[in-house]
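Report on the following structure.
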Amino acid sequence: MDPEEAPLRIGILGASRVSPTSIVEPARLTGARLVAVAARDRDRTQDFADRYGVERVLGSYEDLVNDPEIEAVYNPLANSLHARWNLAAIAAGKHVLSEKPFAANAAEAREVRDAGKRAGVKVVDGFHYLYHPVTKRLHELVASGELGELQRVETMVMIPPPPPGDPRWSLPLAGGALMDLGCYSLHAIRAMAPLAGGNPTLIKARGGERTGLPGVDEWVDADLVYPSGITATARCNMNGARAEMTYRAIGSKGQATVANFILPHTDDSLEVKTTHGQRIEHPGTRSSYTYQLDAFAALIRHGIPMPTDSDDAVQTTELIDQCYKAIGLEPRVGTRNEANAYER
């Protein structure tokens, strides 16, 4: 087989709850091989491998990143462990697809980016939503002028509260609403930059801590402005009454709203309201994670660039850090301590 057409050989760090949706099903649909998985609990790891068709179980994360058959590592570990194991994979010469955000803070992100460039491997931040047709269609509508002159961009990502003890509420694991949800809100605002005159700047942010968990943000609202003067709001709430994941562009002649830009496979509705009427488009319910894996394979096999590269990741984490400082909290801190490992 032509090496450029060979299935991508992937190793999975951890037997996490997100992996069946984020990598297992996309691998099945795209033909990628799940070569191995490693997790802290051997029985749990074997059960994961048996259930999802992973070829081999390895005894440790170190074994996985150093396995010669694996060419790309998928990292869905807790946020505090992203940089540590992304760096380990890079040091082993592996390409990396990391869950977002791919480091706990901007300094770590720059370390990962620089290591990846020195090693000549590809490191990608897992903002999968950007590869789905529903997001691309929203951007097309703005670019087409159908909405008139772009005036404002709004994102809102809200979920009901995770249970107590969930890693998303853990400060040592680099949790908080901004890390879990708000990174999407901010990234989607940043993704509109080519249509809004350049990268946005943070104006101000507000936020609130989770009761009983000092330092852990429960909600954050951030106001931003593009160089053109177009304004934006990125909101997130991890104690909502319902789930909401909207992405809206408002122009002088109308607006367009994606109902669920993060999970479009559950709802691909795109509502367009203009001076000429309104309609709802349905760009498709194929998973955004599957589109992302297609793009990752094209990057590795054919060198086709992905917009969520390591430079993009640094800019996202810089904005996250700025938001934390603006609401009076410290940016998250990564861990290099195996004892603090947690699989989501």
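When region 16-38 is examined, which residues are found to be open to solvent by less than 10 Å² (accessible area, probe 1.4 Å) and at pLDDT 90 or above?
S19, S22, I23, P26, A27, V35, A36, V37, A38
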Just for strands (runs of 3 or more DSSP E) wholly inside region 1-85: which have at least 2 residues that are on the phi < 0 side of the Ramachandran plot and of a type in the set (G, A, S)?
33-38
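Kindly evaluate R110 against the criterion of being among the charged types (D, E, K, R) and at pLDDT 95 or above.
So R110 fits the description; yes.
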Hey, I70 in contact (Cβ under 8 Å) with a residue 60 or more places away in the chain, surrounded by 21 or more Cβ atoms within 10 Å (Cβ to Cβ) and under 25 Å from L181 (Cβ atoms) or not
no
Within region 263-277, the residues that are in a loop (DSSP other than H, G, I, E, B) and open to solvent by 20 Å² or more (accessible area, probe 1.4 Å) are L263, H265, T266, D267, S269, T275, H276
Note down all Cβ pairs under 9 Å where the first residue falls in region 135-147 and is among the hydrophobic types (A, V, I, L, M, F, W, C), the second is open to solvent by less than 10 Å² (accessible area, probe 1.4 Å) and part of a helix (DSSP H, G or I), and they're at least six residues apart or on different chains.
L147/L141
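Condition first: out of contact with any His (no Cβ under 9 Å at 6 or more places or on another chain) and either touching a residue at least 12 places away in the same chain (Cβ under 8 Å) or among the aromatic types (F, W, Y) (or both). Can you find one or more residues in region 284-294 that meet it?
Quick first cut of region 284-294, residues out of contact with any His (no Cβ under 9 Å at 6 or more places or on another chain) only: 294.
Those still in the list that are either touching a residue at least 12 places away in the same chain (Cβ under 8 Å) or among the aromatic types (F, W, Y) (or both) too: 294.
Scanning region 284-294 turns up at least one residue that is out of contact with any His (no Cβ under 9 Å at 6 or more places or on another chain) and either touching a residue at least 12 places away in the same chain (Cβ under 8 Å) or among the aromatic types (F, W, Y) (or both).
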Considering only region 278-311, state which residues are open to solvent by 20 Å² or more (accessible area, probe 1.4 Å) and in a helix (DSSP H, G or I).
Y289, Y291, D294, A295, A297, A298, I300, R301, H302, D311
Does region 168-180 hold any residues that are assigned to a helix (DSSP H, G or I), out of contact with any Lys or Arg (no Cβ under 7 Å at 6 or more places or on another chain) and open to solvent by 10 Å² or more (accessible area, probe 1.4 Å), and which are they?
R168
Among the residues that make up region 268-281, is at least one of them closer than 26 Å to A106 by Cα and without any contact (Cβ under 8 Å) to a residue 24 or more places away in the chain?
no
Determine whether V333 is among the β-branched types (V, I, T), modelled with pLDDT of 95 or more and surrounded by fewer than 18 Cβ atoms within 10 Å (Cβ to Cβ).
yes
Strands (runs of 3 or more DSSP E) contained entirely in region 188-240, each with at least 1 residues that are surrounded by fewer than 15 Cβ atoms within 10 Å (Cβ to Cβ) and at pLDDT 95 or above
201-210, 213-225
Can you name the condition, by its number, that R152 falls short on among (1) assigned to a loop (DSSP other than H, G, I, E, B); (2) over 18 Å from the mean Cα position of the chain (by Cα)?
(1)
Which one is nearest to N66 (Cα to Cα) among residues in region 79-105 that are touching a His at 6+ places or on another chain (Cβ under 6 Å) and modelled with pLDDT of 95 or more?
S98
Looking only at region 86-123, count every residue that is assigned to a helix (DSSP H, G or I) and free of Cβ contacts under 8 Å to residues at least 24 places away in the same chain and tell me the total.
3
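For region 241-257: of the residues being assigned to a strand (DSSP E or B) and not hydrophobic (A, V, I, L, M, F, W, C), which is farthest from the chain's Cα centre (by Cα)?
G254
The values are calculated or read from the model by the stated rules, or taken from the named source; none is laboratory data. Bear in mind the structure is a predicted one, so any value in this text is a computation, not a measurement. Because the Cβ atoms are built from the backbone with ideal geometry, glycine has one as well, and the counts that use them run over all protein chains shown. Side chains are part of the model used for accessible areas, which takes the heavy atoms of the whole protein and leaves out ligands, DNA and RNA. Shrake-Rupley method; radii C 1.70, N 1.55, O 1.52, S 1.80 Å.
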